[in-house]
Amino acid sequence: MNISFKTTLIMSSIFSLSVTAKHFTHDFPVSTTIDRSNMLSETVNLTLNPSAITLMYDGEIKTFANTKVDLNIESTVYSLGSKVDVDRYELFLLGNSSSCYSSTIKNITQKVVGYEDIVKIYLDDDVSEMNVNKAYSITDSSLFVEGSNKKHKLVLRFSTLGNDVRYCDGSFVIGFRYDL
């Protein structure tokens with residue numbers, strides 16, 4: 001009899017716990033954020049040929065000679081199969097800056113004002129220069145098949161330099177995006 005009394009006592013204490021517990025509900029909002037800047041990341045590779053250039057000053061034209069650079073584009077978006085339908089892409093100039101100095105030694109005190117953008121960049125045979133953050137749309141689905149790559153010509157045209165300039169350096173950045 002003692003054994004069954006203990007069992008009954010245990011059951012009744014469990015029962016009393018479930019009766020005294022309160023029932024709470026709470027709604028948790030669910031949301032999704034899609035970072036489109038990382039979509040199809042690492043599916044394209046841009047290279048310039050040559051990747052760096054050293055220009056010689058031409059005293060007759062008082063600037064550097066126009067220079068052509070190859071922009072090579074390789075894409076692996078085809079490896080995603082039919083999940084992505086791409087037939088266009090965009091190229092754009094992200095930045096273009098230069099600095100010129102009155103000495104062959106780079107020194108901020110010898111920087112000459114007015115030469116912050118001495119190069120204009122032209123894409124392929126376009127007659128107008130590329131502008132920062134302006135997209136140039138190219139329709140060509142052949143870039144998105146296995147083993148293909150595209151080549152564009154960039155023409156660099158330089159501004160006239162004054163007699164006070166002895167040294168210049170600069171850089172530009174080309175961006176790429178898929179047009180989905």
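Kindly give Rg over Rh for region 86-152, based on alpha-carbon atoms, with the Kirkwood expression for the hydrodynamic radius.
In region 86-152, Rg relative to Rh is 1.18.
Report the extension gain between Thr139 and Thr67 in nm, rounded to one decimal, defined as 0.36 nm multiplied by the number of residues separating them, less their alpha carbon distance. Could the numbers behind the result be given before it?
Numbers: separation 72, 0.36 × 72 = 25.92 nm, distance 2.61 nm.
Residue separation times 0.36 nm, minus the Cα-Cα distance, leaves 23.3 nm.
FYI, it's all coordinate maths here, none of it is from the lab. Source: prediction; values computed, not measured.
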